Amino acid sequence: MPMISVSMFPGRTAEQKQALVREVTDAFVRTCGGNPDGVWVTINEIPAEHWAAGGTLFSDR
């Protein structure tokens, strides 16, 4: 069973998250095959002060 993890900043609505997991699941099944019920998706909401790129926190950008 595949496990797909999505990391993003907080702030999306429940409806947006539902649409995201539906689309990610559908894309996996289209591309790799399998049963949608066997595709697990987790959403990790990471605050901007806990995420950095290029040595700079996103909260400081």
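Out of curiosity, is Phe58 aromatic (Phe, Trp, Tyr) and more than 17 Å from the chain's Cα centre (by Cα)?
yes
Go through (1) closer than 29 Å to Arg61 by Cα; (2) open to solvent by 80 Å² or more (accessible area, probe 1.4 Å) one by one and return the number of the condition Trp51 breaks.
In the conditions (1) closer than 29 Å to Arg61 by Cα; (2) open to solvent by 80 Å² or more (accessible area, probe 1.4 Å), Trp51 misses (2) alone.
Find the residue count for the range 1-38, including only residues that are open to solvent by 40 Å² or more (accessible area, probe 1.4 Å) and under 22 Å from Phe58 (Cβ atoms).
Residues that pass the stated criteria total 10.
So, in the range 3-61, exactly how many residues are among the β-branched types (Val, Ile, Thr) and assigned to a helix (DSSP H, G or I)? Don't jump to the end; show me each part of the working.
Applying the first criterion (among the β-branched types (Val, Ile, Thr)) to the range 3-61 yields 4, 6, 13, 21, 24-25, 29, 31, 39, 41-43, 46, 56.
Then drop every residue that is not assigned to a helix (DSSP H, G or I), which leaves 21, 24-25, 29, 31.
Within the range 3-61, residues that are among the β-branched types (Val, Ile, Thr) and assigned to a helix (DSSP H, G or I) number 5.
The values are calculated or read from the model by the stated rules, or taken from the named source; none is laboratory data. This one's a predicted model, so the numbers in the text were calculated from it and none came from an experiment. Because the Cβ atoms are built from the backbone with ideal geometry, glycine has one as well, and the counts that use them run over all protein chains shown. Quick note on the areas: whole protein, heavy atoms, side chains included, nothing else; ligands and nucleic acids left out. Shrake-Rupley method; radii C 1.70, N 1.55, O 1.52, S 1.80 Å.
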